[in-house]
1. Here is a check on your reading of the model: is PRO122 under 30 Å from ARG335 (Cβ atoms) and open to solvent by 50 Å² or more (accessible area, probe 1.4 Å)?
2. Could you tell me whether the stretch 212-223 includes any residue that is hydroxyl-bearing (Ser, Thr, Tyr) and touching a His at 6+ places or on another chain (Cβ under 7 Å)?
3. Restricting to the stretch 93-107, name every residue that is touching a strand residue (DSSP E or B) at 6+ places or on another chain (Cβ under 8 Å) and either open to solvent by 10 Å² or more (accessible area, probe 1.4 Å) or at pLDDT below 95 (or both).
4. From the list VAL188, VAL179, VAL206, exactly one residue is surrounded by fewer than 24 Cβ atoms within 10 Å (Cβ to Cβ), over 14 Å from the mean Cα position of the chain (by Cα) and farther than 28 Å from VAL123 by Cα. Which is it?
5. Please work out which one of (1) in contact (Cβ under 8 Å) with a residue 24 or more places away in the chain; (2) touching a helix residue (DSSP H, G or I) at 6+ places or on another chain (Cβ under 9 Å); (3) farther than 18 Å from PRO135 by Cβ; (4) not in a helix (DSSP H, G or I) is the condition THR80 fails and give its number.
6. Residues that are open to solvent by 60 Å² or more (accessible area, probe 1.4 Å), at pLDDT 85 or above, assigned to a helix (DSSP H, G or I) and not aromatic (Phe, Trp, Tyr): does the stretch 25-46 have at least one?
7. Please find, within the stretch 280-326, the residue that is least open to solvent (accessible area, probe 1.4 Å) out of those that are more than 26 Å from PRO235 (Cα to Cα) and basic (Lys, Arg).
8. Could you tell me how many of the residues in the stretch 250-288 are in contact with an Asp or Glu (Cβ under 7 Å, 6 or more places away or on another chain) and within 24 Å of GLU168 (Cβ to Cβ)?
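The values are calculated or read from the model by the stated rules, or taken from the named source; none is laboratory data. Note that the coordinates shown come from a computational prediction; the quantities given were computed from them, not determined experimentally. Note that each Cβ is placed from the backbone with ideal geometry, even for glycine, and that neighbours are counted across all protein chains shown. These accessible areas exclude ligands, DNA and RNA; they are computed on the full protein's heavy atoms, side chains included. Shrake-Rupley method; radii C 1.70, N 1.55, O 1.52, S 1.80 Å.
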Amino acid sequence: MTTTIGLVVNPAAGRDIRRLTGGASVSNNYAKRRTAGCVLAGLTLVDDAEVLVMPDNAGLAGRIVDGAPDEIGVEFVDMTVTASGQDSRTAAAHFAEHADAVVVLGGDGTTRDVAQTIDDVPVVSISTGTNNVVPTPVDGTVAGAAAALVGSGAIPAAEATTRHGTIEVDVVRSEETTVIRGLATVGVLDRPFVGTRAILDPSDIVGGVVSRSSPAEIGLSGIAGGLVTHRPDEPGGVGFRLARGGESGATSPATTVRAITVPGRLSTVDVAEHRVLDDGEGYAFEVDRGVISVDGEREREVRNGTVRLRPVSDGPRLVDVEAVLERAADGGRFRLG
């Protein structure tokens with residue numbers, strides 16, 4: 001039986017301004033191609049594997065296909081390329097119907113785009129972006145092997161995947177409501193316009209909601225993680241509001257925490273309030289003028305509106321790569337005699 005693996009490689013990931021202003025790592029298209037080549041090599045762990053590759057206008061996917069191992073069938077997804085996040089969403093919608101597992105090379109934004117249309121297909125997410133919370137640095141060969149094992153059913157997905165939470169956002173202005181969806185973090189920024197998409201200055205942050213929090217993470221989830229740890233597969237999330245202009249904005253004094261807000265920067269921030277939120281519980285901000293950030297990038301301007309956020313437990317099914325390979329080894333999958 002053929003095992004079909006979807007492959008998303010975002011040529012735009014890992015190339016934003018944080019590489020010029022901070023300590024963010026660099027992931028150019030050559031590095032992505034090498035990582036994707038390793039993914040394809042890892043897929044040879046199972047017999048009769050085929051790969052569906054998201055096309056792009058940078059020529060990256062073409063070079064990946066040209067360098068594929070002979071024992072793997074590789075073809076492009078038949079789709080229109082827009083050079084935007086829509087490409088990841090379109091490819092993921094195709095994979096939801098035709099793939100047994102998906103490997104994503106990108107950052108939080110790419111994983112979020114895939115998550116919006118991937119349905120229940122297991123996802124292996126490899127970090128090639130900036131400020132990543134969801135994708136992790138992992139060798140492409142290891143990631144490909146894990147995807148092959150889960151996609152083929154050798155390791156049941158139910159035993160080696162976790163359901164990541166998401167964040168639903170309603171931006172309400174007059175009688176108009178705009179719906180946005182985040183994966184790990186959604187923030188409200190005190191900025192008049194989107195400008196550079198990256199969040200560079202923690203003093204711009206008004207507050208937000210995260211579906212996961214840990215002091216080991218960067219950005220909004222790291223700020224919340226200085227107060228409380230919330231695992232990505234736990235229901236609910238954490239809402240918080242920063243103290244601004246010396247005022248706590250709450251009945252209790254502000255709590256000062258240290259957090260890694262961008263690569264290369266350890267910041268001190270005053271948190272006016274924070275609350276662990278149940279699944280679906282709302283957390284709102286009244287915004288005169290500001291910007292909504294989604295998974296580390298400024299996404300939408302807001303004027304004279306209410307921003308309502310709520311964590312929901314309906315995100316992508318993420319593969320625990322290490323758990324998959326350990327289960328495979330325990331079952332003798334790597335023994336030849």
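1. Details: under 30 Å from ARG335 (Cβ atoms): yes; open to solvent by 50 Å² or more (accessible area, probe 1.4 Å): no.
So PRO122 does not fit the description; no.
2. Residues of the stretch 212-223 that are hydroxyl-bearing (Ser, Thr, Tyr), as a first pass: 213-214, 221.
Retained after the next criterion (residues that are touching a His at 6+ places or on another chain (Cβ under 7 Å)): 213.
The answer is yes; a qualifying residue exists.
3. Start the filter on the stretch 93-107 by keeping residues that are touching a strand residue (DSSP E or B) at 6+ places or on another chain (Cβ under 8 Å), which leaves 94-95, 98-107.
Matches in the stretch 93-107: HIS94, HIS98, ALA99, ASP100, GLY106, GLY107.
4. Details: VAL188 fails: surrounded by fewer than 24 Cβ atoms within 10 Å (Cβ to Cβ); VAL179 fails: farther than 28 Å from VAL123 by Cα.
Criteria check complete, one pass: VAL206.
5. (1)
6. yes
7. So in the stretch 280-326, the residues more than 26 Å from PRO235 (Cα to Cα) come out as 287-291, 300-305, 325-326.
Next cut, basic (Lys, Arg) only: 289, 300, 303.
On the way: ARG289: 122, ARG300: 97, ARG303: 126 Å².
Residue satisfying both the conditions and the ranking: ARG300.
8. Number of matching residues: 0.
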